[in-house]
Structure formats: C-alpha cells, structure tokens
Amino acid sequence: MSEPPKESSDELVFDVKEIVFPFAKPGKKSSVPLRLYNSSPNRITFKVRIADRDLFCARPYIGLINSKESTNIMLWTLHQEEKTETKHYFSFHYKTVAPNATMDSPLWNKGEEGRRIRLPVTFLTEPEEKTAPSKLSSQGAGTSNDELVINPKRIEFPFTPPGRASYVPLRLHNSSPNRITFKVRCTSSDLFRVQPPIAFIDSNGTMNILLWSANSPLHQKQRTEKKHYFAFYHKTAVPSAKMAPPLWKDGLKSAEGLGTCALLIIRIIRVLQVFVDYR
C-alpha cells in the first residue's frame, strides 16, 4: 500500500503540481514518470486527455486504482522542436467505479468527463555549460581508464514553495573509447527521483538527465535527518545491447566506477514546520 504524495482535497492525488520535461535535442523524446494516488475509500478509474496528440503521449492513458493505492504512468513529449509559446497541459479525469470493474469493461462512456484535474507543462531549456566538469574516477574491482564525467559535481535544488517539486538538469559525458551504461541511485526514493535512472552513453557522447526533489511537507523530517547524495555507477556495454536495465540484473557488483554527487543544502529554516531551503 502506497502513502499519498501530498495532501489534497481531490481524490486523485499527484506528487507534483506541474509536468516538467527535461531538455532533449531536436528529434529526441523526453519523458517524465508520474505517480497517481487514490486517496478515496472507493475504487476509481482515470483517463488522461491530451490537447495536442502530435506533441504528447501518455502510457497508460486509462486505468484503475484501488482505494489508498497508487499507480505509475509515463508521459512523453515527442517533438520538442515543434513546441510553441502555447501553454500546454495534461488533463486527468477520474470517477468512482464498482469494486468488480475490470479493464475489459467499458469504464468511460463517449463524452463522459468525470472529475478533472489539469497539470501544466514546462519544458526545461538546454543546460548551460559550466566551468570544468568534475571527473568521477573508477573505483573498486574492474578499475579501468573509463571515466564518467559529470557537470556539475554538486546539486543545488532551487527553492520552491512547500508542495511544489524542484528540478535540476544534469549532464553526463562518457570520455572513454567504449559505450557504457550507467545507473543512478539516491539515498531516498521518497525524496528524490531520476529520469532516466538507467541508460546508455556512446563513446565521447553526452546525456542530459533530470533530478527531481519532492518538496512535500510529509518528508521534511526525512530530508533533514542526514546528508543525501546521488550515486552514479557505470560499466562498459557491448554495442549490440538493446536495453540497459537487463545489464544491471546482477546488481552493482559488476560496476566499473562509482561517483557520488552530493546535495548542497544551504540552510534549514523553521517556520511552523521544518523545511529545507534550496537555492
């Protein structure tokens, strides 16, 4: 059973108040995970409506959520080079259904709306080049000349009001002559997320990932109890490999390198409740 991401008067609850897509080069897809939580005592069905189907996609776009449980969906933006100054949003509709309802039954009638929640869309721009990037040298078994270069080395989450998530783009560079796969882990999956957490980087190639910090009042104590960090593992991947996650099925023992990227917590402010001010 999942805990609610945040308090809300709506029965369908999200852990963010806006959809933020990381930067992607023209022609490349950008994706964001989203958790939907059913805070009601009843089973509900949801559907996702998109104003511009040429620009966005949601999978699954329809589903069922039991009482006090959650489900994860993926949102994509397909053609960022075609986006305009128009304000985009995802529209989430939901309603109560019978306990025995299944995906094989007609959950929505044509034109039926149910209750609606809209989440606005924001596109992150290309990260600015910073000063000399920090190299994360390989450690442990399998030490080699492969290096994963990360820019920047320290993460600074900008301040956001309580209940609104904060985002930071990060650039990874593979300076080795081989294709590599990386995996990112964090100290708390309740506080932080990474998109994508596992992927490939070609030789001398770069990838932009997005780090996400939940600024929920439910997790303030957990945030301030210890120092948090992201750990980046990497290893050589054969050119023929199609999917990265299966390469990590044996865990982290085969990783050739490990680098950590510490979170920079500027100060702690106490105003009614404790929360961390990132900036």
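Give, in nm to one decimal, the length gained when the segment between LYS29 and ASN66 is fully stretched (0.36 nm per residue of separation minus the Cα-Cα distance).
Going from the current span to full extension adds 10.2 nm.
How high is the FRET efficiency between ARG185 and ALA98 when r is their beta carbon distance and R₀ equals 35 Å, given to the nearest 0.05?
According to the calculation, E is roughly 0.30.
Could you tell me which of the pairs LYS29/LYS110; LYS183/LYS235; LYS17/LYS47; LYS25/LYS47; LYS25/LYS235; LYS28/LYS242 are separated by over 21 angstrom between their Cα atoms in the structure shown?
LYS29/LYS110; LYS25/LYS47; LYS25/LYS235
From the backbone phi of region 111-124, what are the Karplus-calculated ³J(HN,Hα) couplings (6.51 cos²θ - 1.76 cosθ + 1.60, θ = phi - 60°) in whole Hz, Gly and Pro given as x?
x, 6, 9, x, 8, 10, 10, 10, 10, x, 10, 10, 9, 7
With a 10 Å Cβ neighbour count serving as the proxy for reagent exposure, in which order, fewest first, do THR45, THR96 appear?
With the sparsest Cβ surroundings first, the list reads THR96, THR45.
Laboratory data are not the source of any read-out in this text; all were calculated from the coordinates shown. Computed from a predicted structure; not experimentally measured. Neighbour counts are summed over all protein chains in view; Cβ atoms, including those assigned to glycine, are modelled from backbone coordinates with ideal geometry.
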